[in-house]
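Here the structure is laid out as C-alpha cells; the discussion comes afterwards.
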Amino acid sequence: LHEACGVTDWKQDTGVESVFDLDTNYRNVPAIVNFCNYQFKSHMKYVGEIQNQQKPLFIARPSELKRIITLKHPHIIVKNRDAFEQLCLEAQIPAEEFEYLDLNASKETEEKNHCYSIFAAKGLEFSSVLVYAKNMTNNQKIVASTRAMENLYYYE
C-alpha cells in the first residue's frame, strides 16, 4: 500500500501502529531498477551490481519496434485497448497476431504474442517485456517496466 491509496494516518485509518517502508526491489535485475529510478524519478534500492548486458533498450523507431516484437517475442504491456490498437498501427503488425489480455481475459491461451493492459499485467512477472508507454502515467510506466525480470524494451 502507498499513500495514494487514501491512507494518510496509518494508526487512525487502519489500526496499524508500526509501518515499514519497503524501498528495496528484490524482484528485478539492478539495471531495470536503475532505469526506473532515472527515467521516472522513483527511489527504489536494488540488490547487486548493474550489468551492462541487462540494461533496458530504448526503441527509437516503429521499424525497430516491429523487429523486436517479431524476433524477440516479448510480453507486451500497453495502457489499454486503444494503446494496443495504436501499437499495431505503428509496428505494422495485424492485431490478429496478438492475444490481447485485459482484466476480462481469463489467461493466456494461444501461441501468439501476448499483449497485456497495464491493469492485467500488475503483479505478473515475465522474462522479457516490451513496454509501449504511450499515454501511461509515471506510476504505470514503473509498474509496466518492473514486470520484466531480465530483458526490458521500452518505446514511447
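Results, tabulated for the structure shown:
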quantity: Probe 1.4 Å, accessible area per residue of the chain, Å²; calculated: 61
quantity: Order by protection proxy (mean Cβ within 10 Å, highest first), peptides 70-82, 52-64; calculated: 70-82, 52-64
quantity: Label-point gap, in nm, between Asn139 and Ala105 - each point 7 angstrom along Cα→Cβ; calculated: 2.4
quantity: Using a Förster distance of 22 Å, the FRET efficiency for Val47-Lys122 (Cβ separation, nearest 0.05); calculated: 0.50
quantity: Cα shape, the stretch 68-114, gyration tensor, a/c 1.5 rule; calculated: oblate
quantity: Neighbour cut-off at most 12 other Cβ (10 Å), DSSP loop, GluC sites (Glu not before Pro), the stretch 108-150; calculated: Glu108, Glu110, Glu111
quantity: Extended-chain gain in nm, criterion 0.36 nm per residue less alpha-carbon gap, Leu22 and Glu150; calculated: 43.9 nm
quantity: For the stretch 54-156: rounded, prolate or oblate by the Cα gyration tensor [a/c cutoff 1.5]; calculated: rounded
quantity: GluC sites (Glu not before Pro) within the stretch 1-60, DSSP loop, no more than 10 other Cβ atoms inside 10 Å; calculated: Glu17, Glu49
quantity: Mean separation of Cα contacts under 8 Å, 6 or more apart, over the residue count of the stretch 11-130: relative contact order %; calculated: 20
quantity: Estimated distance in nm for a label pair at Val7 and Glu85, the labels positioned 7 Å out from Cα along Cα-to-Cβ; calculated: 3.9
quantity: Per-residue SASA entry for Ser127, accessible area with 1.4 Å probe, Å² rounded to 10; calculated: 60
quantity: Protein accessible area in the stretch 20-156, 1.4 Å probe - carbon and sulfur %; calculated: 49
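The values are calculated or read from the model by the stated rules, or taken from the named source; none is laboratory data. Computed from a predicted structure; not experimentally measured. Cβ sites come from the backbone with ideal geometry, for glycine too, and all protein chains shown count toward neighbours. SASA here: full protein model, heavy atoms, side chains in, ligands and nucleic acids out. Shrake-Rupley method; radii C 1.70, N 1.55, O 1.52, S 1.80 Å.
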